[in-house]
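All of the numbers you see were taken from the coordinates with simple rules; none came from a lab. Just so you know, these numbers come straight off a predicted model, no measurement behind them. A quick note on method: Cβ atoms are made from the backbone with ideal geometry, for glycine too, and the neighbour counts reach across all protein chains shown.
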Amino acid sequence: MNLQLLLQQEEQLIQKNINSKYSKEINDTFGVSTTKIQELINAELCDTENGVAFKTHNNLVCSLIFTYLTAKGFNSDIFKRYFECENNADFSIIENVKVEQIPTLCEELHIAFLNSKFEYKKGKFLRVKSKNNLIEKGAVYTKINIVNEIVENTIANFTKNHSDLSDIKILDFACGTGRFYESVFSTLTTKHDFTNDKAILKHIFAIDIDPTAVNITRLKAISFLSEITEENIKIISQNILLRNALIRGGMFSEDNVLKENDLCGLYNGKFDIIVSNPPYLVLKINKDKGQGELSAKIQKQVAYFRNSGTYNYSVEGMLNYYQLSIEAILSMVKPNGEVGIICPTSLFADISATKLRKHILLKHKLRRIKYFAEKEQLFENVTQATNIFYLQKAGITNAIEVEESGNKFSVELSLVKQLFADKMEIPFITETEWKVLKKISDKKKLKQISAVRNRRGELDLTLYKNYITTQKTPFRLVRGNMISENGIKNINDEFVVESFIQAKSGDFVKNDFKRKRLVCQQVSNAGLKKRLKFVFCDETDILGNSCNYLSGDESTLSKLNILLNSSLLNWRFKITSTNNHINNYELDELPIADLQLIDENYHYQTQRELDEYVGKIYGLEQDELQFILQK
């Protein structure tokens, strides 16, 4: 039996279970709309823990594992004792399957399931490609070549300072179906002379919250043994654990939280090496799915992460499993131990990751970062900029090795501190771009120009919507969508009633009201080549909060207008902006050349002409400018 036949069997079993569970509704729709039945069925199909599809899939995987163990001479009691399954489940032997292919088939079947959803419409059942499980669980599986690269490099980093590996302990954190686990096993046995049984039973550990994935990883481990005994199966079930690796008990009573003796007690800062592709999942409540059991679970977890005292660096802003996982991993590895992780590039750029990023850079040795652009698509069904990073716990970071599109170079931590003192970003840029950044870093930042106010538009379009009118008044309303490179387009025909001025603070009236200001959009798509577009508004314009503005004397603003519309500052803004917003704090960080060097009356015909003028002011060589213009 091959994967395609298994997928067909899985679909047939789900179809059968749907028909059984909803036989009355399907056969007799009197009083109940067919649409309502379909919605009910589809809702259960998408329920990754309690739905028809999940339970059927899990049972099929369990049947495959049961078939494997039976062929090796073990009965159902052994299976139920050491694998994750329902107590009353009845597993059958899968016919016409080669026993030695079962571990691989289980993994392929599970990955296909995670990249699918099952629809039931008008009496027909079908599997379609979907990101549902990826979004709901953060379950994304790493390509084998990337896994091997991370594992081999991380172990090699460890051997730089440790010649004796006889007592090494390695954890696959968030193991999924055990790709990292398998790679660790292969590396230890082929490159470091470990026997199969010794590597499996004494040196490699794994943890995950997905019961099906944990079962598959345990099966893989069993298949690697030279001698399969109940005692060995028991040890594997203890070393490959079904637990939520982020939760340490206390506030939680569920069975799947980490307990004191789990993983032989090693999780408490005693692992030598940890490798991982942690889950990528924002902990937020999906309003479209109501406020039910899932919402309560998310709220409970958020409360734990923020209040338990276990997490100090990954609880800023919206919580994300990958950041929490990195902090958990750092607590689980011993001092001078090694870590190899693949995660979103936002770790080294986003404001939400600032505290964790600074902790990594200032308290540990960040050895190396390898960047992958979105277009490289390292994961099936996912498009995201990603990086691999290697770290030695409690070491000291001096220079960071960086690899970008095959180019390797080194970035000094002192330069990162110089360029990005507040948030210490390490943007996804080339060596040439780092040189340009260094060249312009001695310039004063916008926030240091005291004569200029950098603010968001004064009219909150939601709170103050009652002040907006289509009747003409002296005060035009300017929204972000009206701003173009050529000026403000009158496309909305909206105005603001005069009483709005009385609702604003004296600070606004004194400094900004009836003043000519320099305005840009507050939202600008991250994929656009030119994101900064500054134009002057009229003195009587009222700016919606979909705009940002600079106010000050007109001469200063005219000079800033020249700089801020250049490709150089547009490039500088883009390298640390990771979303569609143009935030005031991001504008504050822009390096501003000596304004005395700028002719406020300078006129240009083309963007290239402007860029060459600004490039000379910042001291760029012709090849450096050309490189920036191509970005």
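So what's the angle, to the nearest 10 degrees on a 0 to 90 scale, between helix 321-332 and the longest Cα principal axis of the chain? The angle comes out at about 60 degrees.
Using a 10 Å cut-off on Cβ atoms, rank the peptides 572-578, 168-174 from the highest mean neighbour count down.
Ranking the peptides 572-578, 168-174 by packing returns 168-174, 572-578.
Put simply, the amide H of I400, placed in the peptide plane, has neighbours under 5 Å in V411, E412, L413, leaving out anything fewer than 5 places away on its chain. Close amide H partners of E458, meaning residues 5 or more places away or on another chain with modelled amide H under 5 Å apart, are L543. Between T462 and K98, the distance separating the two model label sites (each 7 Å from Cα on the Cα→Cβ line) works out to 5.9 nm. Within a straight-line Cα-Cα reach of under 24 Å, K259 can be paired with the following lysines, leaving aside sequence neighbours fewer than 8 residues apart in one chain: K80, K137, K169, K202, K234, K270, K297, K300, K334, K393. Stretched out straight at 0.36 nm per residue, the stretch from K489 to T190 would grow longer than its current Cα-Cα span by 100.9 nm.
Tell me the Kirkwood hydrodynamic radius of region 444-629 in angstroms, computed as one over the mean inverse distance between distinct C-alpha pairs.
17.2 Å
Computed from backbone phi with θ = phi - 60° and the Karplus coefficients 6.51, -1.76 and 1.60, the 3J(HN,Hα) list for region 409-424 is 7, 10, 10, 6, 4, 4, 6, 4, 5, 5, 7, 10, 4, 6, 10, 6 Hz; x is used for glycine and proline.
Once you sort the root eigenvalues of the Cα gyration tensor of region 522-582 as a ≥ b ≥ c, which label holds: rounded (a/c under 1.5), prolate (a/b larger than b/c) or oblate (the other case)? Could you put the intermediate results ahead of the total?
Numbers: a/c = 2.67, a/b = 1.39, b/c = 1.92.
Oblate, since a/c reaches 1.5 and b/c is not below a/b.
Label-to-label distance, N50 versus D588, with points set 7 angstrom from Cα along the beta-carbon direction: 4.6 nm.
Modelled this way, with points 7 Å down the Cα-to-C-beta line, the labels at D553 and S20 are 8.3 nm from one another. 3J(HN,Hα) along region 533-541: 10, 9, 9, 8, 9, 6, 4, 9, 6 Hz, from the Karplus curve 6.51 cos²θ - 1.76 cosθ + 1.60 with θ = phi - 60°, whole Hz, x for Gly and Pro. Net charge near L461: determine it from the other residues with C-beta under 15 Å of the C-beta of L461, scoring Lys and Arg +1 and Asp and Glu -1. For residues surrounding L461, the net value is +1.
Quick one: putting +1 on the C-beta of Lys and Arg, -1 on the C-beta of Asp and Glu, what dipole do you get for region 299-439 around its Cα centre, in Debye to the nearest 20?
Dipole size: approximately 520 debye.
Quarter the surface of the alpha carbon convex hull of the chain and you get the mean projected area, 34.2 square nanometres.
Per-residue Karplus couplings for region 437-448, computed as 6.51 cos²θ - 1.76 cosθ + 1.60 with θ equal to phi - 60°, are listed in order as 4, 4, 5, 9, 6, 7, 7, 5, 7, 3, 5, 8 Hz, Gly and Pro entered as x. For the chain, the longest principal axis of the alpha carbon atoms and the long axis of helix 3-21 meet at an angle near 90°. What the pair-distance distribution of region 175-269 shows, using all Cα-Cα distances binned every 5 Å from zero, is 2, 14, 24, 23, 19, 10, 5, 2, 0 percent. Rounded to the nearest 500, the 222 nm mean residue ellipticity of the chain from helices alone is -11500 deg cm²/dmol, with -39,500 (n - 2.57) taken per DSSP H run of at least 4 residues. Temperature 10 °C, viscosity 1.306 mPa s: under these conditions the Stokes-Einstein estimate for region 293-339, based on its Kirkwood radius over C-alpha pairs, is 136 µm² per second. Proximity of backbone amide H atoms, modeled 1.01 Å from N, is registered between I582 and V523, S524 at under 5 Å, excluding neighbours fewer than 5 places apart on the same chain.
Ordered from longest to shortest, the equivalent ellipsoid semi-axes for region 146-207 are 17, 14, 10 Å, each the square root of 5 times a Cα gyration tensor eigenvalue. Relative to the longest principal axis of the Cα atoms of the chain, helix 230-239 runs at roughly 10 degrees.
Dimensions of region 144-428 from C-alpha coordinates, computed as largest minus smallest value along each principal axis and given longest first, are 58, 50, 35 Å.
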